[in-house]
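K.L.:
Starting off with a structure, shown below.
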Amino acid sequence: MTVLNVQDFGAKGDGSTNDRDAIQSAIDEATEGDEIYFPATSDYYAIESSGDGEVLAHHVADGAPQDILYRGDGADSVVKYNGGSYTSGFLMFEILGGPSNFRMKNMVWDGNKSIVSGVNYQNLIDIDEGDPGNHSYYFENCVFRNSFGNAVQIWVQGVELNRCTFQSNLQHGVSIGVKNDEMSTNSIVVRNSLADDCGKKYNNFYGIDSAYGDFLIEDTVIQNCGRGGKTSTEGDFGSVNGRYRRVRIENCNAESFINTTGSTNDGVNLSNGTMSFEDVVIGPNNGEIMQLSELDYSIVDNSELVITGNNSENNRPALMVINNGKLDASNATIWSNNNQGEGLDHDSDQTSVVDVYTHENNTEGALYRARNLTNNTQNTGSKTDISGVPTADEVGAWSGSTTTETESNSEDSTPADDTNDGAWTLRWESGTDDWAVVSGSEFDGGYALEHEHDGTDRTVRAISWDAVGEPADVEVLDKVRVPAFTEGVDRGYHARVHIRSSSHNGDRLGYWLELESAASSFRLGKYSKDGFATLLRFGTPQENTFFYRRFRAEDETLKAKAWPASESEPAGWDAEITDSDLTDGWVGLGSYDTGTVQTDVFSVATGGESAPLIPGGRPTASFRTPTDGQSVSGDVSVRIDAEDGSDGASALNVECRVNDGSWSPATYDADTGAYAATWDSTVLDDGTVPLEARVTDTDDNTAETAVEVVVDNGPTVATLEPQDVTSETATLRGDLRKLGGADAVDVRFEWRAADGGAWTEAGEQSLDSPTEFAHTVSGLEGDTQYEFRAVADADGETVEGDVVEFGALAVPAPDSAPTVEKLDVTDRSGSKWTRFDVDWTVSDDEQDLNTVITTLEYEGQPVAAESTSVSGSSASYTHILRVRGDVDTVRLWANDTSNETVSEAIDV
């Protein structure tokens, strides 16, 4: 691999010299595996066009290499258009011929649109045709800005843009246009990126124009654009299969999302196109709507679509499913609130299903049309955001971390023989001088492996332990200390332990766990072909303090925990996550910052085994059961985890005691891997008592641990709300929660009138397990308040549940008519419709309700009506009535099965 510095070919980067030929010379000189490097400058690399349609080119067919990296130093490595001659349009940089491994990182491309005029297009990056199944393009931490046309134009599959920013481009920030003969399963991916202030040429362009092919837009924000997102299936291009996952579209000026064409073109059937949304936030936007047409759309199970605060000038619905579109949200939630217009419109020949539709404060109401729409649940409510959907400050170039880790392309190196015994290999940017063995009485065994880099160059350094090979299922345990954290907001990324790590085509791969003092947490991160990513954070590290860390990969599951070395290992994991990107690789240690890291213990296990804890022969102990604060009764089963990393299980002496009593032995159970004992809690008074464990190894080293448990040996009973209350009877209910060590418990109810007097006992029975119980009492007086409680007896001890009150119903009058309990009318009329929401509640003492009818009337004549069949003693509902024309009265009618009726009206 050769690094080709464009300045070595004559590029100045002074903002005035035309560096076009110098940069192209570096491109032409590169061979497979090389790197073209753009050092940071105080100005920019100026390039000028000469009217031939392209300014810079990487054409594989003309000899450009397959495996290539374009790399800058970040925001100060800028390539900027500086003028020249052109005809109808031009490309700043064309990539043609389908390279198999093209990468670009840490650069800025600037179209300088203010000096461009009179052209149809000016694409900053144009990725053109090639072999559809053999190419891959990867862009990371790049900014594409100020284009007169599109920032990035994509004509092939296999392109990934990660942590990129598309800013102030007149046309699309990203334009995807994959032809039929270019289709493949190698998707186009845009993730962790920001499209800002794009597509404002005639307000007819988009932040991301995902027009064709298979694509994924993930953890991305589109803001301040002419339009938000688009799909299309027009001309001779293929159908759309796209996914929007954790995407935010806000402050755009026209449609936030739209599919623009029909289902067939040039005889090609495009009806199989699909589009899915997973936790997407649309709004607020200053333009139109989210419009779904022609394709099959879905909202991913257990996810949400939030459409909020959108301002439609023509009062169009915020979400439209039209023109043969189909929406499957059968296990998802749609929120549509605070929009100008209706919340939802469904006018399609296809049947759509929405599990939960929640709306509020849409100016024209909840629904415009619901043709062929199955809406399982409709609620009133408002939501404006979704947890986990990023905001603009969390995505784009150099986002996602408080420090920029510039990628290295050095292959794994081999250390000198005097630094190791052949079991260790230096990795990535690590050098022989970065690692040493230090001594000290604070280390187990008197020695530790120390990392410290002499200098200020912060980058990824690592060293692998090769004795275990490159395992897939692996667990590592280490005891590590950082004597002093690196100071500064963007500093403090220390002490990494690596699993499933490797290098491929100059990229680092692997999972790692580190002490991240900048964020006061332990961080689980990943290097993959998509670049650097933080998977999760947990805990709080401290400087100059030894911590143990256990880090495990099994199948697609990653687990991690960390605890101070002065404490026993906790039973559970602090963090757990699923990730399937990386399957195997080396294990080892590393660091990002230059400061000192000391590793005292490093232990590895493979094939599903657990890495042994080896703290110099000193044992550890922890309670598996019972846990701290747990309530116990009867015979208590005790399980203790104990080890010392060197002695076998049978060689350890494990004991336990309760309430400062005598120590009793615990026996090792090979089936559970724990030490077991049992104690009788009934010999103690109820209350909180200490439970202690002690382990002693063959060298008489000891360790102790303790928990507090709550002894509670009495039965527990609760009084539940009664059921089926009438004027004469009621079903009393109780719940025996705990037997309290008894073999059986006698339960019953006590009840009486609420104004006092003696309790009446009822429903006595014996129970041998915790369960609910019930009894129906009769002889109640109508319209009278009563109270009752559940009671339990066991071994001479009586416990009572809380007292619960209830009221017997009034004795119904014969042939009494229903009663209107509530009639509320809300005027939601708009410019097109006269509309009222009628909220009502009716009741009937004879419990034989039949029908409720509401009407809109004008001058005594009904002009609209809605009816609902009801039953029982009470019913509530909301009727939504609308009509084109005037209304002066809203009326409610109700009857029962005896045809007794009631009517009530409100003038409006």
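We did not get these values from a lab; they are worked out from the coordinates using the rules stated. What you are looking at is a predicted structure, and each value in this text was computed from that prediction instead of being measured. Cβ atoms come from the backbone with ideal geometry, glycine included; neighbour counts cover every protein chain shown.
K.L.:
Within segment 63-97, name every residue whose backbone N is under 19 Å away from a label modeled 7 Å from Cα of residue 14 along the Cβ vector.
P.N.:
77-83
K.L.:
Assuming R0 = 60 Å, can you tell me the calculated FRET efficiency for the pair residue 120 and residue 772, based on Cβ-Cβ distance, to the nearest 0.05? Walk me through the intermediate numbers first.
P.N.:
Details: r = 76 Å, r/R0 = 1.26.
Once rounded, the FRET efficiency stands at 0.20.
K.L.:
Taking the Cβ of each residue in 656, 198 as the centre, tally the other Cβ atoms inside 10 Å and list the residues starting with the fewest.
P.N.:
On the way: 656 24, 198 32.
So the ranking, lowest neighbour count to highest, is 656, 198.
K.L.:
Taking neighbour Cβ counts within 10 Å as the exposure measure, how do 386, 307 sort from fewest upward? If you can, show how the numbers build up before the last one.
P.N.:
Details: 386 17, 307 30.
Placing the least packed residue first, the sequence is 386, 307.
K.L.:
May I ask you to evaluate 6.51 cos²θ - 1.76 cosθ + 1.60, the Karplus curve with θ = phi - 60°, for each residue of segment 630-640 and list the ³J(HN,Hα) values in order in whole Hz, giving x for glycine and proline?
P.N.:
Result, rounded to whole Hz: 6, 7, 10, 7, x, 6, 9, 8, 10, 10, 10.
K.L.:
For residue 534 and residue 454, calculate 0.36 nm times their separation in residues minus their Cα-Cα distance, and state this gained length in nm to one decimal. Don't skip to the end; give the middle numbers.
P.N.:
Numbers: separation 80, 0.36 × 80 = 28.80 nm, distance 2.72 nm.
In short, 26.1 nm is gained.
K.L.:
Which of 526/559; 529/559; 113/200; 80/105; 105/526 have a Cα-Cα distance over 20 Å? Can you show the working numbers first?
P.N.:
Working: 526/559 13 Å; 529/559 22 Å; 113/200 13 Å; 80/105 16 Å; 105/526 17 Å.
Pairs exceeding 20 Å: 529/559.
K.L.:
Could you tell me which residue out of 812, 875, 147 lies farthest along the dipole of the chain toward its positive end? Charges go on the beta carbon: Lys and Arg +1, Asp and Glu -1, centred on the Cα centre.
P.N.:
Of the listed residues, the answer is 147.
K.L.:
In addition: Amide H of residue 64: which non-local residues (sequence gap of 5 or more, or other chain) have their own amide H closer than 5 Å, using H built in the peptide plane?
P.N.:
When sequence neighbours closer than 5 places are left aside, the close amide H contacts are 59.
K.L.:
Taking neighbour counts of Cβ atoms within 10 Å as a proxy for exposure, in what order, fewest first, do 526, 832 appear? Could the numbers behind the result be given before it?
P.N.:
Details: 526 21, 832 11.
Sorted ascending by nearby Cβ count, the order is 832, 526.
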